[in-house]
Every structure is written in structure tokens, then in C-alpha cells.
Amino acid sequence: MNEAIKNKRGKQLLLTPPIEIEKAIIIRKAAAHEFGISEVDIQSSCRKQYICPARQIAIYLTKKLTMLTLKKIGEMYNNRDHTTVIHSCDTAQDRIDTDQYFKQRVEAIELAAKEAIKKKQVEIAL
């Protein structure tokens, strides 16, 4: 699905399909909306207790629902390292496994994001 081009040295570079970026933005918006914070807050480096879970869920769902690389996901969240993306995903998964309320919020965000993505794909098709 990813298209490849070659740089000057002949090394293949993968291009991220624009729809995958759109999906990630939709997921970020859904998480921000669910937590009542701005997208700027989710993307920031702020470690406040009410922002971190929203960011972790957004990163977790972006990894789950898109084909973006860990590096690309990190770039979308204030140039975070790919290991930070992995940590966010692991933390979110641990909380999903142990906290029913957190799991319900993740499911609500995922459902809202999937519906918005489906709507966006219909708009693109028209």
C-alpha cells in the first residue's frame, strides 16, 4: 500500500499515504474531544495527569488503526522518539487490561474515530 521512491543514492523511501495521516488526525481529535482538551495539549510535551492518558490512547489507537510507522507517529506528537510511542502503547494496553473505565473510554474513542474515518472515506470517494 505504501508507495516507494528512491533518493539520490538509490535507497528506497516509503511515502506515507495521505489517508493514513488523515486517520491519525481524526484519532487525535477524537481523543482530545473525549477528554475535553485541545489537540495542542495532546501534541504537547506536557505531563499533566489529565493530558497523558488522552495522548497515550491517541498514540495507541493510531498504531492500532493506521499503517503509520512508529517514527511517523512520534513525529505527529511533538517529535517523540519511537521508543516513547512503544511505551505509550504498552502503558495504554496495561491500563486497558486492568482498568474497566479506561477500557470503556478507549472503546468510545475508537468507535468515534472509526465512524469519522468511514465518513471521511465516503467524502473522498464522492
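Just need a number here: residues in the stretch 74-102 that are surrounded by 14 or more Cβ atoms within 10 Å (Cβ to Cβ) and farther than 16 Å from Cys52 by Cβ.
Final tally of qualifying residues: 3.
Does the stretch 65-85 hold any residues that are within 12 Å of the chain's Cα centre (by Cα), in a helix (DSSP H, G or I) and of a type outside the set (Asp, Glu), and which are they?
Selection gives Leu65, Leu70, Lys71, Lys72, Ile73, Gly74, Met76, Val85.
Sort out which residues of the stretch 43-61 are β-branched (Val, Ile, Thr) and either at pLDDT below 95 or not in a helix (DSSP H, G or I) (or both), and write them in order of number.
Within the stretch 43-61, Ile51 is the sole residue that qualifies.
I'm told His87 meets every condition in (1) of a type outside the set (A, V, I, L, M); (2) over 12 Å from Ile57 (Cβ atoms); (3) in contact (Cβ under 8 Å) with a residue 60 or more places away in the chain except one. Can you identify the failing condition by its number?
Among (1) of a type outside the set (A, V, I, L, M); (2) over 12 Å from Ile57 (Cβ atoms); (3) in contact (Cβ under 8 Å) with a residue 60 or more places away in the chain, the lone unmet condition for His87 is (3).
Going by what's in this entry, would Arg105 be described as crowded, with 21+ Cβ neighbours inside 10 Å, assigned to a helix (DSSP H, G or I) and modelled with pLDDT of 95 or more?
Against the criterion (crowded, with 21+ Cβ neighbours inside 10 Å, assigned to a helix (DSSP H, G or I) and modelled with pLDDT of 95 or more), Arg105 does not qualify.
Among the residues of the stretch 108-126, write down those that are touching a residue at least 40 places away in the same chain (Cβ under 8 Å) and surrounded by fewer than 16 Cβ atoms within 10 Å (Cβ to Cβ).
The answer is Ala108, Lys120, Gln121, Ile124.
The values are calculated or read from the model by the stated rules, or taken from the named source; none is laboratory data. Keep in mind the model is a prediction, meaning the values are calculated, not measured. Here the Cβ is made from the backbone with ideal geometry for all residues, glycine too, and neighbour counts use every protein chain on show.
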